[in-house]
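The values are calculated or read from the model by the stated rules, or taken from the named source; none is laboratory data. Bear in mind that the values here come from a model prediction, so they are computed numbers and not experimental data. We place every Cβ from the backbone using ideal geometry, glycine too, and count neighbours over all the protein chains shown. For the accessible areas, the whole protein counts, side chains as well, though only heavy atoms, and no ligand, DNA or RNA atoms are used. Shrake-Rupley method; radii C 1.70, N 1.55, O 1.52, S 1.80 Å.
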Amino acid sequence: MTLTIAAFWPPPPHETTVARYREIADAGIDLVITGNYLNDTVIIGHALSCADEAGLEVLVASDPRVEVLMRDLDPGEEQTRALIGRVIDDYRGHRSFRGISLMDEPLPDRFERLATGVSVVRSLGHLAYVNLFPSHATGPYDAYVGDFVSTVRPALLSFDRYPFLSSGEDAGYFADLATIRDHAARAGVPAWMYVQTLAYDGHRAPTAAEIAWQVNTALAYGYTGVQYFTYWTPDPSRGEGFQPALMDGGQPTERYGVVRDLNTRWLRPVGDELARLPWTSAGHTGPPPAGARPLEDGVVVGGEVVVGRYGARHLFVCNARHDAGTEVTLAARAAAFDPATGSYQPGASTFPLAPGAARLVRLES
């Protein structure tokens, strides 16, 4: 499946210009997820026009009519269809319009409403999107995700869990990554996740290696949607202590360059290559983190890594550490994918991986 590279929290209304949206595209981002006070049809329509010019797609996540309809009302299927149809009619004339976010982080009591909303949006030919809670907010996570899938029948599964805490690393990150991916595989739908780009209450700013680590662990688990949280720095009035993101006060931060280079030089070319191959499994060498599985087939005989299997011969080998390098040894000869040329080059069976880094290899014997 085609890789989607998305960013949440775009420029605010007074910074919604074609030039700003071209900056987003220049960072290797394909999809804008609205927010940041783009919450009426006029400014959302203007954002879509800017995205039209910049060659981006837009997922409308801030139309207040949808928010009220999904969270607070229950008018029945016929009226829901009519109301959502009016929302889509306001935006469907834009080439950039991809779909509607119906709700962020729903509780189970909203699943029936979301099922109707998802059905309506999909029947009108657009993406129906819902982003799920992480497990620390839901109770038994397998049941939460399973109930969502069986009730809502979503077009994809998306979740957020930001692993870089002020007190250390969130030990539940891999368990949630695995749970979402398992349910997505069983349902036959894509899995998307969010990447932490900034510090906010209880969370610290990630390093370049830690941003790459989030992206690469997601690829090892077969995710086909990478969403950056956030692009623009949320304003202080939101009360969550947000620190600089990729853009701060209209100026690119160091992490803008990190994400731009990661997207354009690595994530897009390797994502396009992986899109040709079916993902089958992910495993960890050594004792796996809670909720994750060990790598059991012996193809990796050295190194602390997360390995995603794609097809019969391809391995996506990711350093399991974002704070230290590792040396990987394979039990077979392999060729390594070169993102600069899109080709495979003969490589040694032993190779280093920098903190957070990864390598796509094709087994030759």
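Below, the figures for the structure above:
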| read-out | value |
| --- | --- |
| Gain in span if fully extended, Thr350 to Asp40, counting 0.36 nm per residue against the direct Cα distance | 106.1 nm |
| Peptides ranked, highest mean first, by Cβ atoms within 10 Å: ranges 151-163, 177-189 | 151-163, 177-189 |
| Label-point separation, Asp323 to Ala335 (7 Å along Cα→Cβ), nm | 3.9 |
| Fully extended contour minus Cα-Cα distance, from Asp147 to Glu296, at 0.36 nm per residue | 50.6 nm |
| Rounded Å value of the spacing that divides the Cα centres of the range 191-208 and the range 80-110 | 27 |
| For Leu132, residues with placed amide H under 5 Å, excluding near neighbours | Glu105, Ser158, Phe159, Asp160 |
| Other-chain or far-sequence residues with amide H under 5 Å of Thr4's (modelled H) | Gly225, Val226 |
| Rounded to 5, percent antiparallel among DSSP beta bridges of the chain | 55 |
| Sulfur and carbon atoms: percent of accessible area, the chain [1.4 Å] | 50 |
| HN-Hα J in Hz across the range 61-71 - Karplus 6.51, -1.76, 1.60, θ = phi - 60°, x for Gly and Pro | 10, 9, 7, x, 5, 5, 4, 5, 4, 7, 8 |
| Full-extension gain in nm, Arg86 to Ala185, via 0.36 nm per residue minus C-alpha separation | 32.3 nm |
| Virtual spin-label span in nm between Arg313 and Thr264, 7 Å along Cα→Cβ | 3.3 |
| The range 1-66 versus the range 119-134: alpha-carbon centroid distance in Å | 18 |
| Under-5 Å amide H pairs with Phe97, H placed in peptide plane, nonlocal only | Val58 |
| Options (1) 61, 27, 15; (2) 58, 19, 15; (3) 34, 23, 20 - which one matches semi-axes √(5λ) of the Cα gyration tensor in Å as calculated here | (3) |
| J(HN,Hα) series, the range 30-46, from Karplus relation 6.51 cos²θ - 1.76 cosθ + 1.60, nearest Hz, glycine and proline x | 9, 10, 9, 9, 6, x, 6, 6, 7, 10, 8, 5, 5, 6, 5, x, 5 |
| 1.4 Å probe accessible area per residue over the chain, in Å² | 40 |
| Phi-based couplings in Hz for the range 187-192 (Karplus 6.51, -1.76, 1.60; Gly and Pro marked x) | 7, x, 10, x, 10, 10 |
